[in-house]
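In what follows, a single structure is set out as structure tokens and then discussed.
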Amino acid sequence: MVKTIFQVLLVLVAGIGDIPAEPPPRFDAQSAWQYLVKQVAFGPRNPGSPGHRQCLQFLKTELQKFADQVIEQPFMHYDAYRGKTLVMTNLIARFRPNVEPRILLCAHWDTRPFADRDPNPANRQTPIPGANDGASGVAVLLEVARILKQQPPPIGVDIVLFDGEDYGREGHLEEYFLGSRYFVQNNDRYFPAFAILLDMVGDANLQLPREGFSVMYAPEVVDRVWRIAREMGYSQFEDRIGLQVNDDHVILNEGGIPTINIIDFQYPDASHRFWHTLQDVPENCSPESLKVVGDVLLKLIYEEPL
């Protein structure tokens, strides 16, 4: 018996639900690693330095290859302690800008102007290389951006690279988080479903407890991310509450954007002896650590409905 076109269509429609979902794209650890190494090769990226200017151009060029829209957000900062004015720049990359809902992924791209935690007092006025503290989060997001170009996400995604996060003197929180402060102060209509901040995610001995302020401000987002990591078998995401870390996510939360921080910050644990020192170099980081975080983000983007 010859089937009618209507019968054939019924069979096809009935079978749609049996088609397995496409797996999320693979995060390329070596590609992300090269992004980390490239940033460090510019030298310290503290505001006002040659490395800062060169890295800004590199980041902008890379994001323009991948994003539907790249926006520079320059701002001025007057350093009253040192008596000088600096130009800083946030970079905003938008993917599928007309699609809702949206999520925000962010990191800081600047590096600390002084290695004030270095064991050698003679080094404490020298800018840090910032392989983990700065370059690692950016490296993960650049690789995510490359993948978002190859396989458009089912949701809207924005990536923001903040400048001036690590500029301040220790003990003077008002001098930190300059880029996120400017972003929030000039935001009156962008409110994504949630945001995820990446900071110091390249440590070769990666430990990612639930950061304390994240649990306080956005517990549902923390639960979602750590559940995904657990399902993927990534024990680096530890199911315990860690320290409360002042970072860009606190500023975003105060500005009305629920934000969590994925951060390896065990200081003063011995594993963080490189934090704010001249030993914050690629040799103390790992491509595998970047992949752990990148894989979790990609599964969140491509497989987790909002």
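Laboratory data are not the source of any read-out in this text; all were calculated from the coordinates shown. These figures come from a predicted structure and were not determined experimentally. Using ideal geometry, Cβ is built from the backbone for each residue, glycine included, and neighbour counts are taken over all protein chains shown.
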Problem - Cβ-based net charge around residue 231, under 14 Å, with every Lys or Arg adding one and every Asp or Glu removing one - result: -1
Exercise for the section: Enumerate the amide H contacts of residue 90 below 5 Å, restricted to partners 5 or more residues apart or on another chain; note that Pro and chain-start residues carry no placed amide H. Expected result: 73, 75, 163
Fill in the blank from the handout: Rounded to the nearest 10, the angle in degrees between the Cα long axis of helix 137-150 and the longest principal axis of the Cα atoms of the chain comes to 30 degrees
Completion exercise
Interchain or sequence-distant (5+) residues whose placed amide H lies within less than 5 Å of the amide H of residue 190 are none
Practice task
Treat each spin label as a single point 7 Å out from the Cα along the C-beta direction, and report the residue 216 to residue 238 distance in nm.
Solution key: 2.0 nm
Exercise for the section: Starting from the Cα of residue 283, step 7 Å along the direction of its Cβ; do the same at residue 122; then give the gap between the two resulting points in nm. Expected result: 1.8 nm
Problem - Debye intensity ratio in log₁₀ form over the Cα atoms of the chain, taken at each q of 0.10, 0.16 Å⁻¹ - result: -0.53, -1.35
Exercise for the section: Return the long-range amide H neighbours of residue 69 (sequence gap of 5 or more, or a different chain), with a cut-off of under 5 Å between placed amide H atoms. Expected result: 94
Handout entry: Cα-based helix-to-principal-axis angle, 219-231 vs the chain, degrees rounded to 10
Key = 70 degrees
Practice task
With a bin width of 5 angstrom, please list the P(r) values of the range 175-283 as percents of all Cα-Cα pairs, from the 0 bin to the one holding the largest distance.
Solution key: 2, 12, 21, 22, 18, 14, 8, 3, 0
Handout entry: Amide N of the range 125-147 lying under 20 Å from the label point, which is placed 7 angstrom from the Cα of residue 170 along Cα→Cβ
Key = 125-135
Exercise for the section: Tell me the label-point distance for the pair residue 71, residue 98, using the 7 Å Cα-to-Cβ offset, in nm and rounded to one decimal. Expected result: 1.7 nm
Practice task
Kindly express, to the nearest 10 degrees and within the range 0 to 90, the angle between helix 5-16's C-alpha long axis and the longest C-alpha principal axis of the chain.
Solution key: 40 degrees
Practice task
Considering the options 164, 278, 301, tell which one lies farthest towards the positive end of the dipole of the range 24-301, charges being +1 on Lys and Arg and -1 on Asp and Glu at the Cβ, about the Cα centre.
Solution key: 301
Completion exercise
Restricting to lysines and to Cα separations under 20 Å from residue 65, and discarding same-chain partners fewer than 8 apart, the set is 38, 149
Problem - For the chain: relative contact order, % (alpha-carbon pairs under 8 angstrom, 6 or more apart) - result: 23 percent
Practice task
Grab the Cα-Cα distance for residue 53 and residue 87, subtract it from 0.36 nm times how many residues apart they are, and report the gain in nm with one decimal.
Solution key: 11.2 nm
